[in-house]
Structures are given as structure tokens and as C-alpha cells.
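One structure is given below, encoded as C-alpha cells.
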Amino acid sequence: GVKYCTFFVFSTENWSRHEQEVQDIMRIVKDAANKFRTVAQRENVAVRILGEMDKLPLNLQQELNQFETLSQENPSITVSLAINYGGRKDIIDATKKIALAVAEGRIDPDHVSEKLFESYLTTSGIPDPDFVIRTGGEQRMSNFLLWNAAYAELYFSPELWPDFDQKCLERALDEFSLRDRRYGKRKGVNSPHDKTPLKKSFTSS
């Protein structure tokens, strides 16, 4: 079954929205986190926060930090919340850290690999997504998991996120089951990844 799921809650670009709308979103996030806390504990869900927390309202920072700490040992599924997150910024920040480590002699530039680079991303330790679901009729990535989703299957749903229910999810998963995942190989050439059951579902609203 699905072991990792990431929700795009608030992007680094969303700060450009009207101030009142941003405040309303932050309030909704805090309320949702409070409600989800009980469910997460009951269902053994580990919560992980991706993004720059220090720019969020202090009370929301405290809520999310506590939520993440209390749930980190839960074994059932890891749910990541991307809040004040941007894929490009994540890549730039990782590059800066690696460049500094190279300049200080802690890393040999010849040893810089995809695996090492991934360890410097905020998503370090989270497997690359198999499936990205984009709701609301939009057909773009919107700066979401740009490095990680290189080989993810993409699914675009016309439903708005609040209307994306279990039936919508089942339709999306049915579509995923029909995809031929070749990872660069020609169609019909067997790959160890072919017919791999869905293990990670990344959903963007």
C-alpha cells in the first residue's frame, strides 16, 4: 500500500496573494492540523513538515513542530505537508550547501552524485513519488517536487481539492494502474520497475 504521501499546502509563491487571503489560509492550516492530530495518532501516521517554517506565524510554527515531534515514531504511513515550500528553492538551497561543503574541503566535487544531492534536499529520506495528482483543472507542476518527480506519473483532475473525494482518488489510482512505467526504456522492454504497485502518492492541491 501507500507508505508516503505529500500534500502541497502553501507554496513560496503563495505569499504574493492578498494579505487577508494568506491569513485565512494560515488559519485553515492551523485548524486542519488540530483536527488531523487526533486522526494521525489513532492511525499511527507520522507527519513531516517540508518548507521554511520560520516565515510562518509563530503559533502555527509551534503547532506544526509539536505535531511533527509527537508523531515521528508512528510506523503506518508518512504524511508530509509542504508549507512555504518551493521546488526551485529547495534545489538552490541544496546546491548552496554542497558548494559550501566543497569549498571547505568536506566534499570532493567528483563525489557529488544524485544520491548525495538528494540528501541535501528538505525531502531527504522520502522516496521519490510514483504518482503526482494535480487537482483544480490545472495542468502544471507549480514548483512542486521538481527534483523528486522526474519520473513520477502525472494525473490532472478537474475537481477542486475540497471536492476531491474517495471516488476521485479511486479513479486516479485506476488510471495509474494502466500506466507503462519504462524509466527511459523502449516500450515492451521489461524493466524491474514495470508493474510496480503504488507505494507513494504525492497529491497537490
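The values are calculated or read from the model by the stated rules, or taken from the named source; none is laboratory data. Because the structure is a prediction, the values reported are computed rather than measured. Glycine also receives a Cβ, built like all others from the backbone with ideal geometry; neighbour counts cover every protein chain displayed. Heavy atoms of the whole protein, side chains included, go into the accessibility calculation; ligands, DNA and RNA do not. Shrake-Rupley method; radii C 1.70, N 1.55, O 1.52, S 1.80 Å.
Within segment 132-173, being within 17 Å of the chain's Cα centre (by Cα) and among the basic types (Lys, Arg) holds for ARG134, ARG140. Being closer than 16 Å to THR123 by Cα and open to solvent by 30 Å² or more (accessible area, probe 1.4 Å) is a description that applies to LYS97.
If you take the residues of segment 124-143 that are closer than 26 Å to GLY1 by Cα and hydroxyl-bearing (Ser, Thr, Tyr), which of them is surrounded by the most Cβ atoms within 10 Å (Cβ to Cβ)? Don't jump to the end; show me each part of the working.
Of all residues in segment 124-143, those closer than 26 Å to GLY1 by Cα come to 124-136, 141.
Among the residues that remain, those that are also hydroxyl-bearing (Ser, Thr, Tyr) are: 124, 135.
On the way: SER124: 10, THR135: 21.
The selected residue is THR135.
Residues considered: ILE83, ILE107, ILE91. Of these, the only one that is in a strand (DSSP E or B) and aliphatic (A, V, I, L, M) is ILE83.
Screening ASN34 with (1) modelled with pLDDT of 95 or more; (2) exposed (fewer than 15 other Cβ atoms within 10 Å of the Cβ); (3) polar (S, T, N, Q) gives one miss only, at (1).
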